[in-house]
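Notes to accompany the following structure.
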Amino acid sequence: MDIHHHIAQRLRELRSARGYSLDALAERSGVSRSNISLIERGESSPTAAVLDKLAIGLGVALASFFDDSADGGEGNESAAAPSPHISAADQPRWQDPASGYVRRRLSPPAPSPLQLVEVVFPPGQRVALDSAVPGADIHQQVWLLEGHMELTVGDTLWPLAAGDCLAMQLNQPIVFHNPGTVPARYLVALATIAPFAGFTPRSPAPARAVAPTATTPTARRQP
């Protein structure tokens with residue numbers, strides 16, 4: 001299936017599973033009703049920033065739009081179980097229309113609390129995500145393979161060189177920026193630690209220390 005139609009299908013599934021109308025999701029996400037409708041029909045290619053807003057409105061991780069169908073063939077007794085293997089040629093790729101960064105899902109279709117993603121991030125580009133997922137304890141690590149990246153997690157700026165790895169939780173704004181002149185390539189590992197059901201809000205986290213030798217710009221969010 002084409003990646004844009006896959007995103008359209010997943011958006012419809014996630015919205016239907018929560019019982020949200022187009023108007024309700026528009027109100028929760030800040031994305032217009034007409035834009036959501038176009039995305040669900042596969043007639044619009046959403047940016048990472050728009051998908052992030054929709055994910056927050058739905059209470060899921062952005063990566064959920066690239067997962068396989070939540071149904072997984074449920075109700076069809078002849079449907080084969082999701083495979084624990086996926087070849088490189090079958091790993092779905094998606095390109096952000098705004099920044100041009102390319103996301104490739106490495107993980108096979110079989111259900112797992114761990115997901116692996118490869119990203120190639122163009123030089124000079126910046127992507128700002130709210131990344132606050134209500135009701136989920138989702139952790140992410142970024143391992144930079146090539147180039148340079150600057151990640152602003154909350155209020156802390158972390159400069160990354162090849163070989164560096166940064167861990168974070170998806171409960172605060174994150175800004176991805178490639179300050180270099182060549183593309184950066186990195187591996188993202190996502191792990192869901194706690195289920196969404198029965199979530200109890202945490203107490204406010206203590207102030208985070210600024211990373212040594214790094215400046216601390218205000219994390220920018222795309223409109």
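The values are calculated or read from the model by the stated rules, or taken from the named source; none is laboratory data. Bear in mind the structure is a predicted one, so any value in this text is a computation, not a measurement. Ideal geometry is used to build each Cβ from the backbone, glycine not excepted, and the neighbour counts take in all protein chains shown.
Computed quantities for the displayed model
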{"read-out": "Some residue of the range 141-149 being touching a Leu at 6+ places or on another chain (Cβ under 7 Å) and among the small types (Gly, Ala, Ser)", "value": "no"}
{"read-out": "Every pair of residues 6+ apart whose Cβ atoms lie under 8 Å, when the first sits in the range 81-96 and is under 16 Å from VAL119 (Cα atoms) while the second is part of a loop (DSSP other than H, G, I, E, B) and among the aliphatic types (A, V, I, L, M)", "value": "GLN91/LEU106"}
{"read-out": "Of all residues in the range 107-116 being in contact (Cβ under 8 Å) with a residue 60 or more places away in the chain and surrounded by fewer than 19 Cβ atoms within 10 Å (Cβ to Cβ), the one that is farthest from ALA191 (Cα to Cα)", "value": "LEU116"}
{"read-out": "Failed item in (1) modelled with pLDDT of 55 or more; (2) within 25 Å of TRP94 (Cα to Cα); (3) surrounded by fewer than 17 Cβ atoms within 10 Å (Cβ to Cβ), with ARG221 passing the rest", "value": "(1)"}
{"read-out": "Residues (exposed (fewer than 15 other Cβ atoms within 10 Å of the Cβ) and at pLDDT 70 or above) located in the range 65-94", "value": "ALA80, ALA81, SER83, PRO84, HIS85, SER87, ALA88, ALA89, ASP90, ARG93"}
{"read-out": "Members of the range 137-153 that are under 16 Å from the mean Cα position of the chain (by Cα) and surrounded by fewer than 19 Cβ atoms within 10 Å (Cβ to Cβ)", "value": "ASP137, HIS139, GLN141, TRP143"}
{"read-out": "Residues of the range 157-172 satisfying the condition of being over 26 Å from LYS53 (Cβ atoms) and out of contact with any Asp or Glu (no Cβ under 6 Å at 6 or more places or on another chain)", "value": "ALA161, GLY163, ASP164, CYS165"}
{"read-out": "Residue in the range 96-123 that is nearest to PRO46 (Cα to Cα), counting only those that are among the hydrophobic types (A, V, I, L, M, F, W, C) and at pLDDT 95 or above", "value": "ALA98"}
{"read-out": "Filter result (closer than 19 Å to GLY180 by Cβ and either in contact with a helix residue (DSSP H, G or I) (Cβ under 9 Å, 6 or more places away or on another chain) or of a type in the set (Val, Ile, Thr) (or both)) within the range 104-126", "value": "VAL119, VAL120"}
